[in-house]
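Asks: To start, I am sharing the structure in question, which I have written as structure tokens.
The values are calculated or read from the model by the stated rules, or taken from the named source; none is laboratory data. The structure displayed is predicted, hence computed values, not measured ones. Glycine gets a Cβ as well: all are built from the backbone with ideal geometry, and neighbour counts include every protein chain shown. Side chains are part of the model used for accessible areas, which takes the heavy atoms of the whole protein and leaves out ligands, DNA and RNA. Shrake-Rupley method; radii C 1.70, N 1.55, O 1.52, S 1.80 Å.
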Amino acid sequence: MQNIDAYNHVRGESVYLDDIPTIAGTLYGAVFDSPIAHGHIKRLDLEEALKSEGVVRIFTYKDIPGENQVGGIVPDEPLLAEHEVHFCGMPIAFVVAFSAEAAYAAVKKVKVEIDPLPVITDPREAKEKGELIIPPRTFQIGDTDAAWKKCAHIFEGRADSNGQEHLYIETQGAYAVPIENDAIKIYSSTQGPTAVQRHAAVVLKLPMSRIEVDVTRLGGGFGGKEDQATIWGVMCALATYHLKKPVKYSLHRMEDMRMTGKRHPYSSDFKIGLSKDHKILAYEATFYQNAGATADLSPAVMERTLFHCTNSYFVPNVKATAYSCRTNLPSNTAFRGFGGPQGMFVIESAIAQAAEALGVPASDIQQKNLIKTGDEFPYGQKADSEAVECWEHSKTLYNIDQIRKDAELFNAANKLYKKGFAVMPVCFGISFTKTMMNQARAQVHVYTDGSVAVSTGAVEMGQGVNTKMLQVAAQVFSLPPARIKVNSTNTYRVANTSPSAASATADLNGKATEIACNAILDRLKRVAAEELGAKPGQIELKNEIVLLKGKPTDIDWKKLVMLTYMKRISLSEHGHYTPPGIHFDMKKEKGHPFAYHVYGTAFISTTVDCLRGIYTIDAVKVVHDFGQSMNPLIDLGQVEGGIVQGIGWMTMEELVYDKEGRLRSNALSTYKVPDIYSVPKEIDVHFLDTKKENLAILRSKAVGEPPLMYGIGAYFALRNAIRAFNPNAVIPYDAPLTPEKVLMSLYSAAGVRQSPEVVPGNG
Ligand code: MTE
Ligand code: HPA
Ligand code: MOS
């Protein structure tokens, strides 16, 4: 089954927000945003801008009929600034004009006077000053204090990982259209249609029932549109509310980069203790999350950092504390992995530090400590582990010992090129960590001509979820794909949706679809049984034919559908699904939060040019736990994309804010993402068939986020290559390990710590 969007994508015919045909009279918006990271607004002067050609109106917070509030978890985020600004890029006014050009021209004429206040960009400084988004949280198992005494080796250190720009190909945007009776329809490039609907209702003081949000697909979200698509939708709706005209705003790339949040940078301290035979006995970590100016999803992201702080390892004594620190940066947000990667980077750094000091390969320590079925995670859930299976399989399948030997030979023979490799095991929990969010609904209609329409809460963002929804319906009804149409995600058809996120979209919405289809199928079978004078249990539908006790009858799918309709039996169903068995107690910080875990092992090798500091990623070889993939093509795409995105985060994507909180890497000329030249020369993915009974849709495990974390191995592979050149190299655990940092590390001397601080260029 190929991706149902593939044909239109290749022909450029798929519809994204900016492809929706505009209605006559459509107006265009543009935001005037704060040039300063923190301050009091003394005066906002709109006079010149209002006189600018083509301007219709300029909206400020004063025009908001309801609450000036779009905070998702904590109500701390105004739609438009009132008296204070908290980050560079904070929206202050929304200009609406007859054309986008006119709107942008007017934005340039808005004047603002701001009394500057002190700017914080560093999470540790924020924590010192008590600027916390929520109180800190601690996950704990065993007793680390007692365990240190039993350790033969103890290592302490610090690890930093930088943020990451989402760089979805389609920038943020929305298009609001007035509907009669004070209703508004919002087309939004959002992962969370219900979030847009809910906040539009709050800001406009309208019932949610009067806000319709519709999403055909996104040109990528990667978490950046889970919460942060909302404000653009609400802003357009605000203008539509007042002007009774369609209003569209599709952000320029540089606006998107400047105004929206990114992956959270983290600064962390770790302490790891090992026994004589290198079992990890104790692990402590303190995470300082750079949340940016508002809460947004930071509390949930912080929580997932704690959930994944021990990655794929069983550690009997753990104490991990996380602080969500308020800084004057755009509010950081969900990004593939959702805090998990940041937590995993720290324990991998701790293991690397131990390995380097003990003179053993990190993979020895990693392998020895893999979590096994029945072992307990620090949050109380017992593992149903595939970690050892993935590891062993990759070791033999890819002949890792041989690759290791070849690299050693290469390094002995070459002075200025060095190879490095690393193994990166991954364990990622599937479910929203907030139990309540794990619910989904699907609406299925069978029309009298035998065609089927499926609507769910799932948003297609390139991950192929619509294809998977279609496959579920096709499988339950035993129909060819051509009979089934998956509709846009629309809050009028499916309500109260959780965002498409947490890699759980196909599981949750697929199960709801399965439930709805099965309910209709049961009715069809009853009708067929009645017609054939048999029992429903004797009826099957296969390839559009009704079977009785396994034998074909002369009733086909279309005929059965029509018979059912004529008997006045419903051919529609609204399925509702919640995964059983998940729970979490935040007071105890214990529970069973995940429906299941996804495992995998990646082997990453790299070659560093030790004269110039540049490098190639030679190969990424993966054994991944897919369950039983329902769509290997799509799932392979997810693994490859995730790996490249993870490598980008760890090795080249360097986000730079200056001390004034201004983004210096604010365009594609200054922010380097992986391109065709920098992707691994080889990506091998082996599908480990782990068919067990589990809560995955058709036993096909969630695949969206976990592969990103294989990319973490690229940092450690590079590190090992540098150490092959200079065994005394001092390499801070400070990702991304850019060519610049690689070069500095290659020629660093023991005892001279490189400054982890990045000095911004001159713009
Ligand atoms: N793949 C593509 N092509 N585009 C995306 O935006 N988002 C990722 C992942 N893969 C994304 C993607 C993220 S952050 C998540 S949570 C999952 O897809 C969401 O979709 P799923 O729940 O259907 O896996
Ligand atoms: N993952 C992704 N998105 C989320 C989550 C989560 O666990 N919780 C809330 N939004
Ligand atoms: Mo993904 S970060 O859960 O949208």
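Asks: Can you pull out every residue in the range 24-49 that is open to solvent by 40 Å² or more (accessible area, probe 1.4 Å), of a type in the set (A, V, I, L, M, F, W, C) and in a strand (DSSP E or B)?
Replies: 44, the sole residue that qualifies.
Asks: Sticking with this one: Within the group 173, 157, 221, which residue is more than 16 Å from ligand 2 (Cβ to nearest atom), out of contact with any Leu (no Cβ under 9 Å at 6 or more places or on another chain), modelled with pLDDT of 95 or more and not aromatic (Phe, Trp, Tyr)? Let's see the steps before the verdict.
Replies: Details: 173 fails: out of contact with any Leu (no Cβ under 9 Å at 6 or more places or on another chain); 221 fails: more than 16 Å from ligand 2 (Cβ to nearest atom).
Answer to the selection: 157.
Asks: Which one of the conditions (1) assigned to a helix (DSSP H, G or I); (2) within 16 Å of ligand 1 (Cβ to nearest atom); (3) within 22 Å of residue 363 (Cβ to Cβ) does residue 635 fail to meet, given that it meets all the rest?
Replies: The one condition residue 635 does not meet is (3).
Asks: Restricting to the range 217-244, name every residue that is more than 24 Å from residue 339 (Cβ to Cβ) and in contact with a helix residue (DSSP H, G or I) (Cβ under 8 Å, 6 or more places away or on another chain).
Replies: 217, 233, 234, 237, 238, 241, 242, listed by residue number.
Asks: Let me ask something additional. Of all the residues that make up the range 548-561, how many are within 44 Å of the chain's Cα centre (by Cα) and either crowded, with 17+ Cβ neighbours inside 10 Å or among the polar types (S, T, N, Q) (or both)?
Replies: So the count comes out to 3.
Asks: Let me ask another. Spot the failing condition for residue 703; the list is (1) in contact with a Phe, Trp or Tyr (Cβ under 7 Å, 6 or more places away or on another chain); (2) away from ligand 1 (no atom under 16 Å from the Cβ), and only one is missed.
Replies: Just one mismatch for residue 703, condition (2).
Asks: Suppose we filter the range 407-446 for residues that are assigned to a loop (DSSP other than H, G, I, E, B) and more than 16 Å from ligand 2 (Cβ to nearest atom); how many remain?
Replies: Of the residues in that region, 3 qualify.
Asks: Can I ask one more? Search the range 215-244 for residues being within 16 Å of ligand 1 (Cβ to nearest atom) and among the charged types (D, E, K, R), and hand back the single one that is surrounded by the most Cβ atoms within 10 Å (Cβ to Cβ).
Replies: The selected residue is 225.
Asks: Quickly run through the range 157-198 and pick out the residues that are within 16 Å of ligand 1 (Cβ to nearest atom) and hydrophobic (A, V, I, L, M, F, W, C).
Replies: Of everything in the range 157-198, those that are within 16 Å of ligand 1 (Cβ to nearest atom) and hydrophobic (A, V, I, L, M, F, W, C) turn out to be 167, 169, 195.
Asks: I'd like the full set of residues that are touching a helix residue (DSSP H, G or I) at 6+ places or on another chain (Cβ under 7 Å) and either hydroxyl-bearing (Ser, Thr, Tyr) or outside any strand (DSSP E or B) (or both), limited to the range 94-106.
Replies: 106
Asks: Can you pull out the residues in the range 50-76 that are part of a helix (DSSP H, G or I) and open to solvent by less than 60 Å² (accessible area, probe 1.4 Å)? Full working, then the answer.
Replies: The initial filter retains those residues of the range 50-76 that are part of a helix (DSSP H, G or I), namely 50-51, 61-63.
Listed by number, the residues that qualify are 61, 63.
Asks: What's the number of the only condition in (1) in contact (Cβ under 8 Å) with a residue 40 or more places away in the chain; (2) part of a loop (DSSP other than H, G, I, E, B); (3) open to solvent by 70 Å² or more (accessible area, probe 1.4 Å) that residue 21 fails to meet?
Replies: Status for residue 21: all satisfied but (1).
Asks: Right, next: For residue 103, only one of the following conditions fails: (1) in contact with a strand residue (DSSP E or B) (Cβ under 9 Å, 6 or more places away or on another chain); (2) aliphatic (A, V, I, L, M); (3) open to solvent by 20 Å² or more (accessible area, probe 1.4 Å). What is its number?
Replies: Failing condition for residue 103: (3).
Asks: Let me confirm something: among 494, 476, 486, which residue is within 21 Å of residue 521 (Cα to Cα) and in contact with a Gly (Cβ under 6 Å, 6 or more places away or on another chain)?
Replies: Values: 476 fails: in contact with a Gly (Cβ under 6 Å, 6 or more places away or on another chain); 486 fails: in contact with a Gly (Cβ under 6 Å, 6 or more places away or on another chain).
Selected residue: 494, the only one of 494, 476, 486 that is within 21 Å of residue 521 (Cα to Cα) and in contact with a Gly (Cβ under 6 Å, 6 or more places away or on another chain).
Asks: Filter the range 279-315 down to the residues that are within 20 Å of residue 373 (Cβ to Cβ) and open to solvent by less than 10 Å² (accessible area, probe 1.4 Å) and list them by number.
Replies: Selection gives 280, 307, 308, 310, 311, 312, 313, 315.
Asks: Select from the range 458-491 the residues that are of a type outside the set (Val, Ile, Thr), part of a loop (DSSP other than H, G, I, E, B) and in contact with a Ser or Thr (Cβ under 7 Å, 6 or more places away or on another chain) and list them in ascending order.
Replies: At the first step, the residues of the range 458-491 found to be of a type outside the set (Val, Ile, Thr) are 458, 460-464, 466, 468-471, 473-475, 477-483, 485, 487-488, 490.
If we keep only those that are part of a loop (DSSP other than H, G, I, E, B) as well, we get 458, 460-464, 478-480, 487-488.
Answer for the range 458-491, where residues must be of a type outside the set (Val, Ile, Thr), part of a loop (DSSP other than H, G, I, E, B) and in contact with a Ser or Thr (Cβ under 7 Å, 6 or more places away or on another chain): 458, 461, 487, 488.
Asks: For the range 188-202, how many residues meet the condition of being in contact with a strand residue (DSSP E or B) (Cβ under 9 Å, 6 or more places away or on another chain) and either surrounded by fewer than 24 Cβ atoms within 10 Å (Cβ to Cβ) or polar (S, T, N, Q) (or both)?
Replies: Residues in the range 188-202 being in contact with a strand residue (DSSP E or B) (Cβ under 9 Å, 6 or more places away or on another chain) and either surrounded by fewer than 24 Cβ atoms within 10 Å (Cβ to Cβ) or polar (S, T, N, Q) (or both): 8 in total.
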